[in-house]
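Notes for the one structure printed next.
The values are calculated or read from the model by the stated rules, or taken from the named source; none is laboratory data. Everything numeric here is computed off the predicted structure, so don't read it as measured data. As a convention, Cβ positions derive from the backbone with ideal geometry for all residues, glycine included, and neighbour counts pool all protein chains shown.
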Amino acid sequence: MTDKYTSLEKYLRDLPLSQKEVTMAFELIEQILNDNLPLPAYQDDAWWGNQKAGIQVESIAWKDAGWMVDIVDLREKRVRFVRQ
């Protein structure tokens with residue numbers, strides 16, 4: 001995984017085990033990353049896919065932290081993760 005998404009993995013991993021879901025604004029994710037999300041994250045919900053391997057390194061961050069994307073709302077610019 002690229003270092004860019006390590007901070008997101010850590011953030012999700014550090015959430016209490018009792019927390020089963022979290023909805024995050026894209027803006028918050030960018031603050032956690034200390035970087036902008038790529039343009040496809042704002043335009044294509046497929047960017048938020050739950051691939052374990054392949055070219056989408058961002059999905060490895062949330063999958064390795066024990067989460068998966070449940071709902072992406074491109075209009076509201078937010079994503080809901082659920083604990084696996």
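Out of (1) of a type in the set (A, V, I, L, M, F, W, C); (2) within 10 Å of the chain's Cα centre (by Cα); (3) surrounded by fewer than 17 Cβ atoms within 10 Å (Cβ to Cβ), the odd one out for Val82 is which?
In the conditions (1) of a type in the set (A, V, I, L, M, F, W, C); (2) within 10 Å of the chain's Cα centre (by Cα); (3) surrounded by fewer than 17 Cβ atoms within 10 Å (Cβ to Cβ), Val82 misses (2) alone.
Test of understanding: among Lys52, Lys20, Lys10, which residue is at negative phi, among the basic types (Lys, Arg) and modelled with pLDDT under 95?
Details: Lys20 fails: modelled with pLDDT under 95; Lys10 fails: modelled with pLDDT under 95.
Residue meeting the stated conditions: Lys52.
Within the stretch 56-84, how many residues are under 17 Å from Leu17 (Cβ atoms) and not basic (Lys, Arg)?
9
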